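To keep things clear, I will list the structure first and then write my remarks on it.
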Amino acid sequence: MYKNDISYIGEERKIRVPNAFFKVILAGLDEGKPRAIGFIYKNTSGNNPLDHYVNSVNQVERITGLDFFSQLPDDVENEIESNYNLNQWR
């Protein structure tokens, strides 16, 4: 994920450094109990607990401009993308 404040590494070949990374996870489809969760990790040093990075998939979509899980039925997609519970993943 890139923002306006651009930074680079390397002297010969300038490589753009992202401001953040994201991850979305979908599970439970085979059991008929789908759930999803999203994470946004800022590209900074730190050792924060996992709940510091957790987000709904909708929030990750808003920030990235991507549409995840669009192949699911709309009612299922809307439900799992708007809700998340980190305890379901521990």
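No lab work stands behind these numbers, since they all come straight from the coordinates. What you see is a predicted model, and the numbers here were worked out from it, not measured in a lab. Cβ atoms come from the backbone with ideal geometry, glycine included; neighbour counts cover every protein chain shown.
Laid out as a table, the results:
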| quantity | calculated |
| --- | --- |
| FRET efficiency for SER7 and GLU31, using Cβ-Cβ distance with R0 set to 41 Å, rounded to 0.05 | 0.40 |
| Relative exposure of SER82, SER45, SER56, SER70, judged by other C-beta atoms within 10 Å (fewest first) | SER45, SER70, SER82, SER56 |
| Low-density loop positions, GluC sites (Glu not before Pro), the chain - DSSP coil, at most 14 other Cβ in 10 Å | GLU11, GLU12, GLU31 |
| Neighbour cut-off at most 16 other Cβ (10 Å), DSSP loop, chymotrypsin sites (Phe, Trp or Tyr not before Pro), region 42-90 | none |
| Summed residue charge, Cβ within 12 Å of TYR53's Cβ, Lys/Arg positive, Asp/Glu negative | +1 |
| Whole-percent pair-distance distribution, where bins are 10 Å wide, for the alpha carbons of region 8-90 | 16, 42, 26, 12, 4, 0 |
| Candidates ASP75, ASP30, ASP51: whichever shows maximal mean-square fluctuation once the chain is modelled as a Gaussian network with Cα springs under 10 Å | ASP30 |
| MRE, 222 nm, helices only [DSSP H, n ≥ 4, -39500 (n - 2.57), over the chain, to nearest 500] | -5000 deg cm²/dmol |
